[in-house]
Amino acid sequence: MQYIAAFDIGTTNVKGILVSQDGDILGETTRPIHTYNEENRIEQDPEEWWKAVFEIANVWWQSGFQPEAVKAITLSGQMEDCIPIDGEGKSVRRAILYSDSRADSEAQRILAHLGEEEIWRKTGNHMDGQMTFPKILWLRDHEQANFSKTACFLISSKDYVIRQLTGRNITDPTSAATAGMMNLVAREWVSNWLDSFALESSYLPELLAPDEIAGYLTEAASLLTGFKMNTPVLCGMGDAGATTLGAGVTELGEMYAYLGTTGWVALPTDEISLRGSGIFHLAHAPKDLLIAIAPLLNAGNVHNWALSVFGDPNLLDSQEGFAYLEEIMANSDPSIRQVIFLPYLNGERCPIQDPEASGSFVGLRATTTRGEMCAAVLEGVAMAVRQVMELLLGENEIRRITLIGGGSKSRAWNQIIADVCDCNVVVPKDSEYLPALGVAAAGFVHLGWSDSYADFSRRLLAMRPSEQYLPKERNARAYGKLYQNYLQIYPALAILSRQVVEVEMASR
Ligand code: ADP
C-alpha cells in the first residue's frame with residue numbers, strides 16, 4: 001500500500017492523515033495547539049506546530065505504518081499569519097495569527113499610500129489589518145531587534161513546517177492571496193509595492209503551485225519525524241483552499257457553505273468582481289480558477305446562542321443539547337410563521353459591512369412559542385446564507401450546495417437550509433478531516449494518481465458517504481415569502497442600531 005501523508009496545521013489543533021491511492025483515510029491523529037491571547041494580540045509558537053507534526057508521524061510508525069510507503073507529504077494551514085524566521089529557519093518571535101488586529105493603523109497607511117482602487121485591482125481583495133503585509137510593517141516599526149534578525153516572513157503555519165522539513169522558504173498562491181501583496185491573476189508578488197515601503201522582496205518566500213515540490217526531506221527532519229530522507233514535500237495550500245477542495249468544489253457551477261463557529265459561502269470563479277461587497281478572492285488550486293468567498297460572522301455561534309437562551313441549561317454545548325433544541329422546534333410550520341430573526345449577533349462582514357449591526361426578532365405575537373423563536377433563529381442564518389449565495393451567483397442559478405463544518409451536524413438545520421435556499425443540500429459524513437483530505441489532492445495530482453483536481457473530486461470525494469436533503473416544495477414557497485421580508489429588516493433597522501450605539505457612547 002502507498003500513501004500520501006497530509007497535515008492540516010489549524011488554529012486549535014494539527015490533524016494528520018494517511019491517504020491511500022483509493023482515497024481511504026487511515027491513521028487519523030490530532031495534537032492540540034495553544035493560542036496566546038492578550039487583548040487584540042493573538043499568537044502561537046511555531047515550534048508547537050512542528051512538534052505536533054513529528055509526534056503524529058511517530059504515532060503512525062508505532063501503529064505499524066511504514067515510512068517507505070509514504071510517497072509524498074502535503075500540508076494545509078492557517079492563512080494571513082506573520083511568521084518571521086531567521087537564516088536558520090527558526091522563528092524569531094511567536095507567530096502573529098490571522099485573527100490578530102494590532103496592525104490596523106499600518107493597513108490604513110498602506111491604503112492611503114497605494115489607494116483602494118489599485119489594491120483591489122491587483123489583489124482582488126480589500127486591505128485590512130489582518131493581512132500579513134501590514135503585520136510586517138508593524139513588526140519593523142515596533143520590534144526592530146526582531147526585524148533585524150529576520151531573514152524571511154512566512155505566511156501560513158504550514159510554510160513553517162515545510163521550512164523545517166526541507167530547508168526551503170516557500171508559500172502558495174492561496175495563502176498569499178490574503179497576504180495583501182500578491183497580484184492575484186499573475187500569482188506573483190507586487191514587488192514595487194514592497195519597494196515603496198522600503199521592504200526588500202527577498203523577505204518574502206518563493207511562490208509555488210500547491211502540487212509543486214517545495215523540497216525533499218532533509219536528514220535532520222528525517223531523524224525527528226521518521227519519514228524517509230528525500231521524501232518529496234509539496235507546497236500544499238492555505239486552509240480555505242484545502243477546505244474548498246475537500247468539499248469537492250473544483251469547477252465553475254459548484255458551491256459550498258462552511259458552518260463552523262463563524263462561516264463562509266464560496267464558489268470557484270474566473271473573474272474578480274463585487275468590489276465593496278465584503279467578498280474575498282483567493283487563488284484556487286486549479287490554475288485557471290479563483291475562489292470567491294463570502295465570510296459570515298454569524299453561523300454556528302448563533303445556533304449555540306439559541307441553545308444557551310432557549311435550550312436546557314443542563315445540556316449546554318453538547319450533542320444532547322442540540323438534539324433537545326431540535327425537539328422543541330420540531331412542529332414549527334414555516335407556512336404560518338410570523339417571526340423573522342436577523343442573525344447579526346456579532347455584526348456582519350458580508351453582504352453588509354457593519355460591525356455594529358445587531359440581531360433582532362421581528363413579528364413577535366402573544367401566541368409566539370419558544371419553538372417558533374428557535375426555528376426563526378436557525379432560519380435567520382439560513383436566510384443570510386441565501387443572501388450571500390445570491391450575491392455570489394448573480395445571474396447564475398444553482399440547484400445543489402455542499403454543507404460542511406460543525407453546524408452541518410444538525411439535521412434540522414440542513415433541512416431548513418435546503419428549504420430556505422430552495423436547493424439540494426449535500427452533507428459529507430465525517431467532515432472533520434476534509435481540509436487534510438483536500439490538500440491530499442495536491443499529492444494525487446503531483447503523483448499522477450489523479451489527472452486533475454476535478455478528477456480527484458469526481459472519483460474519490462463523490463464516492464464518500466454523504467447525506468442529501470431535498471427542498472420541500474411547500475416549505476420553500478413559505479420561506480420564499482418570509483425571505484422577501486427578511487431582506488427589508490436590516491435596511492429598516494440599521495439606523496436604529498447606530499442610534500443605540502451612539503446613545504451608549506454618549507452615556508459613558
Ligand atoms: P470551528 O473550527 O470554526 O469552531 P467547527 O466546524 O468545529 O468550526 O464547528 C463548530 C460549531 O459547530 C459550533 O458553533 C457549534 O455550536 C456547532 N455545532 C456542533 N455540533 C452541532 C450540532 N449538532 N448542531 C448544530 N451546531 C453544532
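The values are calculated or read from the model by the stated rules, or taken from the named source; none is laboratory data. What you see is a predicted model, and the numbers here were worked out from it, not measured in a lab. Cβ sites come from the backbone with ideal geometry, for glycine too, and all protein chains shown count toward neighbours. Accessible surface is based on the protein model in full, side chains and every heavy atom, while ligands, DNA and RNA are left aside. Shrake-Rupley method; radii C 1.70, N 1.55, O 1.52, S 1.80 Å.
Structure notes:
- Of all residues in segment 300-322 being exposed (fewer than 15 other Cβ atoms within 10 Å of the Cβ), of a type outside the set (D, E, K, R) and in a helix (DSSP H, G or I), the one that is modelled with the lowest pLDDT: PRO313
- In segment 188-291, counting only helices (runs of 4 or more DSSP H) that sit wholly within it, the ones holding 2 or more residues that are within 16 Å of the ligand (Cβ to nearest atom) span 239-246.
- Filter result (closer than 24 Å to LEU391 by Cα, open to solvent by 70 Å² or more (accessible area, probe 1.4 Å) and either part of a strand (DSSP E or B) or away from the ligand (no atom under 13 Å from the Cβ) (or both)) within segment 330-350: ARG349
- Residue list for segment 445-456, restricted to those being open to solvent by less than 20 Å² (accessible area, probe 1.4 Å) and either farther than 23 Å from ILE401 by Cβ or within 14 Å of the ligand (Cβ to nearest atom) (or both): SER450
- Any hit, segment 88-99, residues being open to solvent by 50 Å² or more (accessible area, probe 1.4 Å) and at pLDDT below 95: yes
- Sole exception among (1) away from the ligand (no atom under 16 Å from the Cβ); (2) of a type in the set (A, V, I, L, M); (3) open to solvent by less than 10 Å² (accessible area, probe 1.4 Å) for LEU403, by number: (1)
- Filter pass, GLY394 being buried (at least 22 other Cβ atoms within 10 Å of the Cβ) and of a type in the set (Gly, Ala, Ser): no
- Restricting segment 406-444 to residues that are in contact with a Lys or Arg (Cβ under 7 Å, 6 or more places away or on another chain) and away from the ligand (no atom under 15 Å from the Cβ) leaves a set whose member that is nearest to ILE213 (Cα to Cα) is VAL426.
- Considering (1) more than 12 Å from the chain's Cα centre (by Cα); (2) farther than 21 Å from HIS446 by Cα, the lone condition that TYR258 does not fulfil carries the number (1).
- Against the numbered list (1) over 29 Å from SER410 (Cα atoms); (2) open to solvent by 10 Å² or more (accessible area, probe 1.4 Å); (3) touching a Ser or Thr at 6+ places or on another chain (Cβ under 9 Å), LEU234 comes up short only at (2).
- All positions within segment 342-362 that are farther than 21 Å from CYS421 by Cα and free of Cβ contacts under 8 Å to residues at least 40 places away in the same chain: PRO355
- Put simply, of GLU395, GLU327, GLU372 the only residue that is out of contact with any strand residue (DSSP E or B) (no Cβ under 6 Å at 6 or more places or on another chain) and within 15 Å of the ligand (Cβ to nearest atom) is GLU327.
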